[in-house]
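Comments concern the structure below.
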Amino acid sequence: MPTRLASCSCGQLSAQVVGDPLRVSICHCLACQRRTGSVFGEQARFPREQVSVAGASTAYVRVGDEGSRVTFHFCPHCGATVYYEPEGLEDFVAIPVGAFADPGFPTPRVSVYESRKHAWVLPPPEAEHFD
């Protein structure tokens, strides 16, 4: 099983995962665009027991478009988000794919909120697509 390390920009906060992600998705919602500073967010979902977190984090809770809450954990020093916990999915931890800094990371298989997608963005054609 592969072991991967996600970390913040300064290295103080990290999340080590063992095994492959259960789901890799991209989200085009406006909140993810604001959170990432990019045109979409990409995240990988892992079973909680496969994730080990090290370092201090600050939490921010955001209410999503459908009313569910997500708790984002970011480094209090550099501000980079390293992992988050979606309400209703307590057995899982989501990690922004960019925190792995791994160009060989598995391709996203789900693309959500495509109605808010920038026109030039082309999600993988084989992914599941949702507005």
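The values are calculated or read from the model by the stated rules, or taken from the named source; none is laboratory data. Quick caveat, the model's predicted, so the values are computed rather than measured. Cβ coordinates were reconstructed from backbone atoms using ideal geometry, including for glycine residues, and neighbour counts include every protein chain displayed.
When you scan region 87-104, how many residues do you find that are surrounded by fewer than 20 Cβ atoms within 10 Å (Cβ to Cβ) and farther than 17 Å from Pro47 by Cα?
Qualifying residue count, region 87-104: 5.
Check whether at least one residue in region 12-28 is touching a Gly at 6+ places or on another chain (Cβ under 8 Å), more than 18 Å from Asp131 (Cα to Cα), modelled with pLDDT of 95 or more and polar (S, T, N, Q), and report yes or no. Can you show your working first?
Within region 12-28, the subset touching a Gly at 6+ places or on another chain (Cβ under 8 Å) is 12-14, 26-27.
Going one step further and asking which of them are more than 18 Å from Asp131 (Cα to Cα), we end up with 12-14.
Still in the running and modelled with pLDDT of 95 or more: 12-14.
Keeping just the survivors that are polar (S, T, N, Q) gives 12, 14.
Yes, region 12-28 contains a residue that is touching a Gly at 6+ places or on another chain (Cβ under 8 Å), more than 18 Å from Asp131 (Cα to Cα), modelled with pLDDT of 95 or more and polar (S, T, N, Q).
Being touching a residue at least 24 places away in the same chain (Cβ under 8 Å) and either surrounded by 14 or more Cβ atoms within 10 Å (Cβ to Cβ) or not polar (S, T, N, Q) (or both) is the filter here, so list the residues in region 51-69 that pass it.
As a first pass, look at region 51-69 and keep what is touching a residue at least 24 places away in the same chain (Cβ under 8 Å): 51-57, 62, 64-65.
Across region 51-69, the qualifying residues are Val51, Val53, Ala54, Gly55, Ala56, Ser57, Arg62, Gly64, Asp65.
I need every pair where a residue in region 87-104 that is under 23 Å from Cys8 (Cα atoms) has its Cβ under 6 Å from the Cβ of a residue that is among the hydroxyl-bearing types (Ser, Thr, Tyr) and crowded, with 18+ Cβ neighbours inside 10 Å, sequence separation at least 6 or different chains.
Every condition considered, the pairs that remain are Val93/Tyr83; Ala94/Tyr84; Ile95/Tyr83; Pro96/Thr81.
If you scan region 25-53, which residues turn out to be of a type in the set (Val, Ile, Thr), touching a strand residue (DSSP E or B) at 6+ places or on another chain (Cβ under 9 Å) and farther than 14 Å from Tyr84 by Cα? If you could, list the steps in order and put the result at the bottom.
Of the residues in region 25-53, the ones of a type in the set (Val, Ile, Thr) are 26, 36, 39, 51, 53.
Next cut, touching a strand residue (DSSP E or B) at 6+ places or on another chain (Cβ under 9 Å) only: 26, 36, 51, 53.
Selection gives Ile26 alone.
Go through region 31-73 residue by residue and tally those that are touching a His at 6+ places or on another chain (Cβ under 6 Å), closer than 27 Å to Thr3 by Cα and not in a strand (DSSP E or B).
The initial filter retains those residues of region 31-73 that are touching a His at 6+ places or on another chain (Cβ under 6 Å), namely 39-40, 57, 59.
Within this subset, residues satisfying the condition of being closer than 27 Å to Thr3 by Cα are 40, 57, 59.
Filter once more, keeping what is not in a strand (DSSP E or B): 40, 57.
Of the residues in region 31-73, 2 are touching a His at 6+ places or on another chain (Cβ under 6 Å), closer than 27 Å to Thr3 by Cα and not in a strand (DSSP E or B).
Out of (1) surrounded by 17 or more Cβ atoms within 10 Å (Cβ to Cβ); (2) in contact with a Ser or Thr (Cβ under 9 Å, 6 or more places away or on another chain); (3) touching a residue at least 60 places away in the same chain (Cβ under 8 Å); (4) not in a strand (DSSP E or B), what's the single condition that is false for Pro21?
(2)
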